[in-house]
Amino acid sequence: MTAGPRDIAGSAAAETPRRLALGMGTALLGASLFGFVVPLARFSYEFDSDPMTAALVRLALGASAATLMMFILRRRFAMPRAGIPAALGVMIFSVSTALCYLTAVVYIPVSLAVLIFYTYPLMVAAYTAIVQRSPLGLMRGVAFIAAFAGLAVAFGPSFDGLDWRGVALASAAAASLASLFLFSAAALRHVGVVPITFYANVGSFSVMVAIVFAFGGPALPTAGAGWGGLVGSGLCYAVGIFLHFGAIKVIGAARTAMFFNLEPIIAMTVAAFLLGESLTVVQYAGGALVIGALVMTSLADRRPTADP
């Protein structure tokens with residue numbers, strides 16, 4: 001999520017080679033862990049689990065991690081009244097992001113779901129340019145063209161063989177996460193990054209519990225391997241959150257975002273090994289275009305005040 005003033009200030013500490021290396025390593029490890037989340041969840045489906053259960057476990061472990069962080073950092077649990085509407089938006093879109101993303105991979109390969117999902121930074125940039133009338137600039141404009149060209153290459157000349165439900169769900173997940181970032185930015189005017197992460201995970205977990213039991217309860221894996229995938233996915237998400245914020249604290253939000261562009265590459269690689277998925281050389285080229293566009297966006301967002 002977007003860093004608040006307190007987090008940005010934390011990154012302004014005197015930068016040494018050791019501190020820089022620590023921050024980069026933390027960001028890379030966090031991105032790598034997040035790259036395992038969806039492939040591991042998809043693996044658990046092979047043993048009779050389902051997306052709602054995966055989302056429930058993910059949010060449960062995320063809520064536990066965020067609660068622990070609140071106590072360790074001694075943050076206040078009270079939410080200012082003015083920030084409640086934005087916090088509710090964060091909770092709603094946290095749930096929809098998890099559900100749509102984890103369900104998309106039931107219908108389409110993880111690799112393609114990841115490529116679609118990672119258009120969300122460009123959606124945020126488009127919103128900023130159109131609604132907030134903030135010019136994209138040359139680099140962001142090129143990034144838009146490269147990203148959509150990459151998706152066109154990855155999909156091939158037609159949508160034959162692709163399940164429209166997976167494409168729609170992955171697109172909805174991307175739109176949900178873009179909305180989550182925008183609501184987070186509004187909420188961060190009233191509280192810090194750690195509290196809003198706590199509200200998002202704890203509130204979303206409560207909603208997810210109601211949804212899961214309304215549809216008959218969790219679908220628990222029928223084998224140890226399935227449990228490994230389910231719990232592993234949630235743990236990667238929970239630990240990844242700590243590393244994400246740790247990296248922001250050390251090297252700033254913009255640099256952290258740039259390193260987190262590694263996440264989709266990790267996800268595609270894990271899906272290839274764990275799930276036996278494979279893409280053609282042309283599709284990998286399309287993926288490379290998408291990732292390159294995201295790196296360009298991160299570089300364009302880099303500011304001296306936020307990322308010394």
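None of the figures in this text is laboratory data; all of them are computed from the coordinates on show. All values derive from a computational prediction rather than experimental measurement. Reconstructed Cβ throughout: ideal geometry from the backbone, glycine too, with neighbour counts over all protein chains shown.
A few notes on this one:
- With kT/(6 pi eta Rh) evaluated at 10 °C and eta = 1.306 mPa s, and Rh the Kirkwood radius from Cα pairs, region 174-242 diffuses with a coefficient of 111 µm²/s according to Stokes-Einstein.
- Evaluated at q = 0.21, 0.23, 0.24, 0.29 Å⁻¹: base-10 log I(q)/I(0), Debye formula over Cα of region 31-88: -0.91, -0.96, -0.99, -1.12
- Stokes-Einstein D in µm²/s, Kirkwood radius over Cα pairs - region 5-301 at 37 °C with 0.692 mPa s viscosity: 168 µm²/s
- The listed peptides 186-198, 53-65, 142-154, ordered by packing as a protection proxy, come out as 53-65, 186-198, 142-154 (highest mean of other Cβ atoms within 10 Å first).
- Around the Cα centre of region 5-301, unit charges on the Cβ atoms of Lys, Arg, Asp and Glu (plus for the first two, minus for the last two) sum to a dipole of about 1180 debye.
- Each of the peptides 214-220, 24-30, 171-177 was scored by the mean count of other Cβ atoms within 10 Å over its residues; in descending order, highest first, they stand as 171-177, 24-30, 214-220.
- Rg to Rh, two decimals, where region 15-120 supplies the alpha carbon set and Rh follows Kirkwood: 1.04
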